[in-house]
Amino acid sequence: MSWLSSFWRSSIGGKVTMAVTGLMLFGFVVSHLLGNLQLLQGKDKINGYAKWLHDLGPMLWVMRIGLLAIFVLHVWTALRLSRANKNARPVAYAKPSTVQATMASRSMLLSGLSLLVFIIYHLLHFTLGVVSAEHHDLKLADAGGHDVYTMVTTAFSVPAIAIAYAAFQVVLFLHLSHGIQSMAQTIGLHHARYSPMIKTVSFLVALVIAGGNMLLALSVMLGLVGGAQ
Amino acid sequence: MKVILHIWRQDKASTNDNFKQDGRMVRYELADVSPDMSFLEMLDVLNENLIEKGEESVAFDHDCREGICGACGVVIDGVPHGPERGTTTCQLHMRSFKDGAEIYIEPWRAKAFPVVRDLVVDRGSLDRIVQSGAFISVNTGAPQDANAIPIPKSDAERAFDAATCIGCGACVAACKNASAMLFVGAKVSHFAYLPQGRVERDSRARNLVKAMDEEGFGNCTNQNECEAVCPKEIPVRVIADMNREYLRAKAREG
């Protein structure tokens, strides 16, 4: 245990924990988007996907619990490291300045905590049906309890909800655009020629993911998807 | 030219209980500054004026004034070593500032760098990190021929880039998290590419990171501010090197 605890308590151990859990959460965000893009392929397609996921049974719960554990570890470690960082500079500069750090890199804690709030809202909305329960009820109403198509298209036809979801994608973009490149650096991947490329790819991948999610919410709001189908 | 200075003044050394020790920013006006003066010469002139007036002079660290010793260093308008890239404070000249400029001068700010007085900080934490493993052990015998062990040119250059570190601490001062990872990364990278250094690479990586953590530095969040202010322009590549060396050492640990 001393091996693990000394690694876990070390600064680099903490950073690597952030990178590895971040990579896993990134994988989830990608599969979440790919799954949900089936919304654009019609009601049967997305509802069939929802049914397939639910029919996984125990495997679904393994994935859910695993995802929750990774998520908690990511947030917990972020808070631990942030507190240490704050303690490392007890007196702030009278005239602070930033030379080259990007806005995304400087706001990781803020963007991360905003995403935490958004994810809690998102789960309460579409998974647990606590917030705007009428949307969640639609999911259960027909098609064997997997009618996510009607649930999502009804919810996003409310402009306030669609815009709120879309706005949080900007936060997700900021978080991922720094996070993806940061993962590579933290696990020791750095190359004179490829590191600038990793930065560009990081930016573009974050843009595609956030843009894809935004597309779903806004296309429903604008009436391009949903309605009488 | 004329400048208006805001300088951190602090009589007593900082302690862990009272890091601020009643310090404050004090305003000074200084006329007849030559654009050809170095930043430290400008502070010398200020101090002569203060001594003539019977006031306490401003304490600041300096030694070689050639940009190679790492002793000098103050935060100028929020940027360690001031506005010029790849420059120590002693090699910065007043021509980098506009006539009538207001200049804020503060000490390095980090828990691991307690203020001794005014702009002077105690950088003993960096020395203790070096003592924990930033060396190679050669216990006996005469040095062998310099070219007896061939070293690829790219490795030699990577090692040398890291070895240019003068230990000034600007990376810590610039980091939003007061992290020393550019400094420690430079020490790791300096030896990791050389055959003489590879003998102790595992224990070095472990010991340096442990010593760094014990000194109370923050953690790198890859914002690269350190790289921007390093007077020797050491790249953040050395931090990736350190991460890799540390992971390798932990993986091989029994």
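None of the figures in this text is laboratory data; all of them are computed from the coordinates on show. A quick note: this is a predicted structure, and the numbers were derived from the prediction, not measured. Cβ: placed from backbone, ideal geometry, glycine included. Neighbour counts: every protein chain shown.
Values as computed for the structure displayed
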| read-out | value |
| --- | --- |
| Rounded to 10°, Cα long-axis angle of helix A:43-55 versus longest principal axis of chain A | 60 |
| Computed E for residue B:27/residue B:135 - FRET, C-beta separation, R0 51 angstrom, nearest 0.05 | 0.70 |
| Kirkwood-based Rg to Rh ratio, region B:3-117, C-alpha trace | 0.95 |
| Sites residue B:101 and residue A:127 - FRET efficiency at Förster radius 56 Å, r taken between beta-carbons, to 0.05 | 0.45 |
| Length-normalised contact order for region B:3-117 - Cα pairs under 8 Å, 6+ apart - percent | 35 |
| 222 nm mean residue ellipticity, helices alone, for chain B (DSSP H n ≥ 4; -39,500 (n - 2.57); rounded to 500) | -10000 deg cm²/dmol |
| Helix axis angle, B:153-163 relative to chain B longest principal axis, alpha carbon, degrees | 40 |
| Förster-model FRET efficiency, 25 Å R0, residue A:23 and residue A:194, C-beta, rounded to 0.05 | 0.90 |
| Dimensionless Rg over Rh [the protein assembly as shown; C-alpha; Kirkwood] | 1.07 |
| Value of Rg/Rh across chain A [Cα atoms, Kirkwood radius] | 1.02 |
| Table column - 3J(HN,Hα) (Hz), region B:133-145, Karplus curve with 6.51, -1.76, 1.60, x for Gly and Pro | x, 8, 7, 10, 9, 10, 8, 7, x, 7, x, 7, 4 |
| Lysines whose Cα lies under 24 Å from that of residue A:139, excluding same-chain neighbours fewer than 8 positions away | A:43, A:45, A:51 |
| Net charge, residue A:179 excluded, C-beta distance under 14 Å - Lys, Arg +1, Asp, Glu -1 | +3 |
| Tilt relative to chain A, helix A:194-221 - C-alpha long axis, 0 to 90 degrees, to 10 | 30 |
| Listed pairs A:15/B:210; A:86/A:199; B:187/B:232; B:20/B:53 exceeding 19 Å between Cα atoms | A:86/A:199; B:20/B:53 |
